[in-house]
Amino acid sequence: MSANYTFPPLLSEAFASLTRGRHISSDDGEVFYAIQNNTTAYESIFTALGFSLRTHSRGFYFFEREGLPSEAIEQFSIFVFIMIDWMADAGISITDEILTREFVVSELPHYKTDRYSSYMARCKLPTDSQLRLLLKAMRRAGFLRADNELISFRFLPPIYRIIEAGQSALKLSKEEGTPAAAPALADGDNDSDSPALLDDTFDDEVAP
Amino acid sequence: MARQESGSVSTADLLSKLSGGAGKSELAKIALGRLAEDLVIRRVDDGGDEWELPDEVRNDILWLCDRQRLATPNALLAHIEDLASRVNELEQAVVAKDAELVLDLLPKLRDLIGDIANFCRSNRAAIVSSVMDLKAKQDGRTLRQRYRAIADLHDRYVEPMRDIVDDRGRLVAVLDDLQSALYRARLSFELDPSIPEQATRLIQRCVALSRQARADFLASSSEVLPLYAQYRKDTILAETAAACLDFFHREGSGYLPFGRVMPISNFRLSGLFSGEAVQSIMCRVGKVETEKRTAPRCDYVIAADPVISEDDVFARLSVRGNENDLLRWLFEQYADCPENTILETFSALQIHPRLSMQYADTPDSFVSHHVRYDYTPLRVLHVS
């Protein structure tokens with residue numbers, strides 16, 4: 001880089017968030033607007049460093065990386081799909097309310113029926129405390145906004161990435177004929193360079 | 001059934017209607033008695049022979065009529081074809097200059113236009129009412145049930161109307177034909193005392209109907225289309241969720257290739273940067289200038305490693321004449337030097353042009369600096 005290069009504002013904050021897997025939306029305040037107003041500069045810097053900054057049509061940014069399979073992503077997806085399934089059965093408009101409704105954690109449907117409870121147990125979230133860990137991880141990743149005590153939360157636009165991933169994954173799976181299992185995590189993938197998103201020792205960035 | 005001007009109906013007429021045919025008069029009397037008992041009908045005057053609907057019953061029935069007037073566009077097409085048929089008759093009557101027939105047809109055409117207008121109006125009311133019910137969400141229906149209901153409204157009642165009321169649709173075509181026939185009638189019978197006036201009024205009704213039908217359709221579709229689009233999107237989302245959960249139920253962990261379609265960054269920052277300046281900026285350390293480097297501060301002098309002089313080696317070897325084990329000899333002659341210096345010297349001497357050497361036949365070993373060396377000795381034959 002040239003010694004005279006002027007970096008866009010909040011570059012280091014954006015980089016720190018994005019490399020940790022956070023999806024930056026308007027809920028992130030200044031750093032979101034910094035990227036929005038200097039997208040080309042951010043893209044070129046990150047590309048030079050070997051990162052791929054993606055802009056989603058619903059107005060958020062994230063780093064895309066050829067992924068290691070992540071148990072956390074699967075857990076996120078089950079959590080979200082149970083929410084959507086429950087909303088559909090309750091006659092709640094999903095497109096109207098998924099980003100506007102305040103969901104009370106104690107009233108979530110995930111352990112209220114046998115079917116949902118079995119899904120949660122199967123994805124290694126058999127208890128309410130595990131669910132809270134998941135909510136914290138989703139908050140760190142920018143999928144939802146929640147208070148410190150996790151009394152209630154609201155989904156953020158990046159949640160559509162999970163929904164769209166579900167649609168893409170279904171389509172991919174059908175095209176390939178049989179449900180394609182994600183490759184199992186090899187031992188070497190559990191090293192410190194691939195932290196689990198549910199790792200509670202991560203900096204817990206509380207949403208403003 | 002004959003209606004009195006006041007809107008009431010006689011007992012005889014009511015019984016006739018209720019009986020529906022011969023041999024049922026007793027049943028009709030019973031039915032009439034029940035209707036009176038349940039206050040669905042009442043006598044106009046106490047003890048009189050006339051019956052009427054109480055106001056509240058009338059209003060409820062009218063509301064039901066409007067509500068239940070959700071008819072498919074095929075029913076409208078039937079009315080339009082009736083109108084088209086009468087238009088043909090009018091054209092023929094005008095050509096035949098049959099004023100009497102024209103005067104007979106004009107009210108019928110007016111009634112048919114009225115029927116079409118009522119149909120469009122009540123259909124619009126019925127559609128709007130259905131949409132309001134869906135939006136109210138007080139009927140406990142699931143999203144999928146709501147989608148089916150709105151899709152039914154959209155596919156059966158709204159979309160087919162578009163082709164009918166469109167500028168190139170059947171209704172406009174028939175109304176255009178009617179207007180043409182009426183203009184000709186006005187011209188052909190301009191001296192008739194009533195045909196021109198009736199024809200003019202009917203032309204105005206045609207224009208009004210064309211506008212009203214289009215407005216009713218636009219109003220219906222503006223109610224239905226947004227809700228249809230929303231429920232459709234909701235249903236797609238719900239179906240995606242249900243399908244994914246079903247997959248998970250059957251296949252368990254790794255049920256779908258999420259890692260391929262949704263890679264998420266989870267880097268650690270260590271070891272990613274080749275330059276301190278870049279790392280400092282990206283890691284919030286602050287500005288670092290790499291041009292200036294301060295030398296490390298040292299309070300003692302570190303002696304340099306002794307170097308084995310090539311000339312000294314050759315001088316010693318020349319005095320010796322030949323040597324059967326160059327490596328062992330170097331370790332003995334330069335015992336004060338570090339091991340790596342001796343080995344580097346040995347390595348350089350192996351290919352030196354001033355030395356004529358030969359490997360021994362048998363391997364040997366020795367220990368020096370706590371290291372055991374297993375090797376084939378290199379014999380120095382001559383130093384030039």
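Here are the numbers for the structure shown:
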read-out	value
Kirkwood hydrodynamic radius (C-alpha pairs) into Stokes-Einstein, the range B:84-234, 4 °C and 1.567 mPa s, D in µm²/s	75
Distance from the range B:176-228 to the range B:84-154 (C-alpha centre basis), Å	14
Accessible area expressed per residue, the range B:165-256, with surrounding protein chains retained (probe 1.4 Å, Å²)	48
Charge dipole (debye, nearest 20) of the range A:1-133; +1 at Cβ of Lys and Arg, -1 at Cβ of Asp and Glu	300
Accessible-area order (highest first, 1.4 angstrom probe) of the listed residues B:VAL367, B:VAL128	B:VAL367, B:VAL128
Within 10 Å of each Cβ in A:73-80, the average number of Cβ atoms from other chains	4
Test item: A:92-103 mean partner chain Cβ contacts at 10 Å	3
FRET efficiency for A:GLN130 and B:ILE61, using Cβ-Cβ distance with R0 set to 51 Å, rounded to 0.05	0.30
Neighbour net charge for B:PHE248 - beta-carbon separation under 10 angstrom, K R +1, D E -1	-1
Label-point separation, A:ARG115 to B:THR11 (7 Å along Cα→Cβ), nm	6.2
Accessible area (Å², 1.4 Å probe, nearest 10) - B:GLU50	50
Cα point-scatterer Debye curve for the range A:18-138, base-10 log of I(q)/I(0) at q = 0.12 Å⁻¹	-0.59
Selected from A:ILE92, A:PHE32, A:LEU108, residue furthest toward positive end of dipole (the range A:9-117; charges at beta carbon)	A:PHE32
Total accessible surface hidden between A and B, rounded to 100 Å², 1.4 Å probe	5200
Descending semi-axes in whole angstrom, ellipsoid equivalent of the range B:191-231, from the Cα gyration tensor	40, 4, 4
Reachable lysines from B:LYS17, criterion Cα separation under 19 angstrom, eight or more residues apart if same chain	B:LYS29
Residue-averaged beta-carbon neighbours from other chains (10 angstrom radius) around A:120-128	1
Heavy atoms of B:LYS97 accessible to a 1.4 Å probe, total area in Å² rounded to 10	130
Exposure ranking of B:VAL131, B:VAL371, B:VAL95 by accessible area [1.4 Å probe, largest first]	B:VAL95, B:VAL371, B:VAL131
Per-residue SASA entry for B:ARG86, accessible area with 1.4 Å probe, Å² rounded to 10	70
Compactness relative to 2.2 N^0.38 Å, alpha carbon Rg of the range A:14-71	1.08
Table column - 3J(HN,Hα) (Hz), the range A:92-98, Karplus curve with 6.51, -1.76, 1.60, x for Gly and Pro	8, 6, 5, 5, 6, 10, 5
Subset of A:LYS112/A:LYS136; A:LYS174/B:LYS137; B:LYS135/B:LYS233 violating a 25 Å alpha-carbon distance limit	A:LYS174/B:LYS137
Vicinal HN-Hα couplings computed from phi for the range B:209-221 (Karplus, 6.51 cos²θ - 1.76 cosθ + 1.60; Hz; Gly/Pro x)	5, 4, 5, 5, 4, 5, 5, 5, 5, 4, 5, 5, 5
Most to least accessible of A:TRP86, B:TRP51 (protein chains only, probe 1.4 Å)	A:TRP86, B:TRP51
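The values are calculated or read from the model by the stated rules, or taken from the named source; none is laboratory data. Keep in mind it's a predicted model, so treat the numbers as computed, not measured. FYI the Cβ positions are ideal-geometry reconstructions off the backbone, even for glycines, and counts take in every protein chain you see. What goes into the accessible areas is simple: the full protein's heavy atoms, side chains included, and nothing from ligands, DNA or RNA. Shrake-Rupley method; radii C 1.70, N 1.55, O 1.52, S 1.80 Å.
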